[in-house]
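See below for the structure under consideration.
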Amino acid sequence: MTAARIGAGPRWGLRRQGDHDLFVHDLRLAVNFFTRLKGLQFRSSLPSRQALLLAPCSSVHTLFLRFPLDLVFLDRSGTAVGVYRNVAPWKLLVAPPRGSASFAVLETNPGEHSLVRGDRVELVALGGLASSPPQSLISFPVAPEC
């Protein structure tokens, strides 16, 4: 079991609301202090179509990363309030646009999604024991199990 996984619960994917295709096939959740603190630091890479969703989270840094990331800041309803592409390692701070109500940050490999500000994402349960997200993500839209 990976620290970023939620026990033996469901596997999650992610897609733009209204789309049928997942752009994340293995969504790792960082929903407690320790998993958010660790994030993707010290990893050599992020597998294709895997992503990390940090929640609650309103700003991130790329210290101790070894690879660039695309960062999507999301509000409580899963709407993108800021999109940063190809953010290099060792940036001191990346924050959402002023006035936005960022609640979560999605970290993906560069170019693995075409999200823009205003797009809304939804969690997709891919199997497991439960079909509801962790309490911190309860306001995100959840699609039926695939």
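The values are calculated or read from the model by the stated rules, or taken from the named source; none is laboratory data. Model, not experiment: these values are computed from the prediction. Quick reminder, even Gly has a Cβ in these numbers, built from the backbone with ideal geometry, and neighbours come from all protein chains shown.
Observations, loosely collected:
- The strands (runs of 3 or more DSSP E) located wholly in region 1-102 that include 3 or more residues which are over 16 Å from residue 126 (Cβ atoms), modelled with pLDDT of 90 or more and over 11 Å from the mean Cα position of the chain (by Cα) occupy 80-87.
- Flag for residue 87 being without any contact (Cβ under 8 Å) to a residue 60 or more places away in the chain, more than 20 Å from residue 48 (Cβ to Cβ) and of a type in the set (Val, Ile, Thr): no
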